[in-house]
Each structure stands twice: as C-alpha cells, then as structure tokens.
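**Q** This is the structure, below, for whatever I ask next.
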Amino acid sequence: MAESLAKYGLFVDDLCKIRILEPEITTQSDKLKNECHDFVNKITEFKKNSEHFINLLDKLATEVEKEKMRTIGARNLLSSVEKQRDVQKQKIQAMIIEKTMELERLRVQYDSLKKIELEQLETIEHLTIN
C-alpha cells in the first residue's frame, strides 16, 4: 500500500504517519536544519569572540595612544631642556668672554699704573737726591 501511495506523492514514515515528503528527504531536511542551527550558534559565538577581541584591541590602541602622547610630551620637554641648556651655556660663554676682556683691560691698566708709579718713584728719588 505504501508503494501505491508513493505514486500520488504520499509516503508513510517509520511512525506510520502519512507524509508529503519522502522519509529520506525529511531526514536530510532535519539533519540540514540541525547543521544550520549549529552553524548559526558557531557564527554567534564567533561574532561574540570577535567583538571581545575588537574591544581588547581598542583598549590596547587607546593605551598605546596615551603612551605615545606621553612619550611625545617627554621628548618635547627634553628638547626644551636641551635648548634652555644651550642658551644658558651661550650666556655663560659670553660672560666668560666679557670677564676675560675686563681682566685683560684691568691688567693693561695695572701695568700702566705700575709704570707710572715707577716713573714717579724715580722722579721722587731723583728730586730727593739733588
């Protein structure tokens, strides 16, 4: 009887129920349905893991940016300190040159005054002897 029903597109399954689809196609459809459900679950889990990974990368990127800004700030500060040190060094070198010139001027003045003193002493000695 099941064969005669098959001519009309009706089939009897293992539970003796009349079906429109062949039992093998029904089994394959159920199997496909379960595989699709597993696939959807895996995709959902993959999406969740991907979002978690992206969040971790975003946090890491934020930390890297903060550290980058901190490093740039430190580099700028160091550059500023170097420039200040160079300016200070130039000021000190200018003061050394100025003081050296003043020392030389005072030495020349001292030598000149020594000569004048010597001449005056000679003149005094010359006058006292006569």
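Bear in mind these aren't lab numbers, they're just calculated from the coordinates by the rules spelled out. Every value quoted in this text rests on a predicted model; they were computed, and no experiment measured them. In this analysis, Cβ positions are derived from the backbone assuming ideal geometry, glycine residues included, and neighbour counts consider all displayed protein chains.
**Q** By how many nm would the segment from Lys68 to Asn49 grow when fully extended, if each residue of separation counts as 0.36 nm and the alpha-carbon distance is taken off? Please report the intermediate quantities before stating the final value.
**A** Details: separation 19, 0.36 × 19 = 6.84 nm, distance 2.80 nm.
So the chain would gain 4.0 nm between Lys68 and Asn49.
**Q** How do Glu35, Glu22 rank when sorted from fewest to most other Cβ atoms within 10 Å of their own Cβ?
**A** Glu35, Glu22
**Q** How would Thr123, Thr27 line up from fewest to most surrounding beta-carbon atoms within 10 angstrom? Walk me through the numbers before you get to the answer.
**A** Values: Thr123 10, Thr27 13.
Ranking Thr123, Thr27 by Cβ neighbours within 10 Å, fewest first, gives Thr123, Thr27.
**Q** Give the cross-link partners of Lys91 among the lysines, using a straight C-alpha distance below 22 Å as the criterion and excluding same-chain residues fewer than 8 apart.
**A** Here the lysines satisfying the reach criterion relative to Lys91 are Lys83, Lys99.
**Q** Based on the alpha carbon coordinates of segment 54-130, what radius of gyration and maximum Cα-Cα distance (Dmax) apply, in Å?
**A** Answer for segment 54-130, Rg first and Dmax second: 32.8, 112 Å.
**Q** Also, quick follow-up: Please give the contour-minus-distance gain from Lys31 to Thr100: 0.36 nm per residue of separation, less the Cα-Cα distance, rounded to one decimal in nm.
**A** On the way: separation 69, 0.36 × 69 = 24.84 nm, distance 10.07 nm.
Full-extension gain reported as 14.8 nm.
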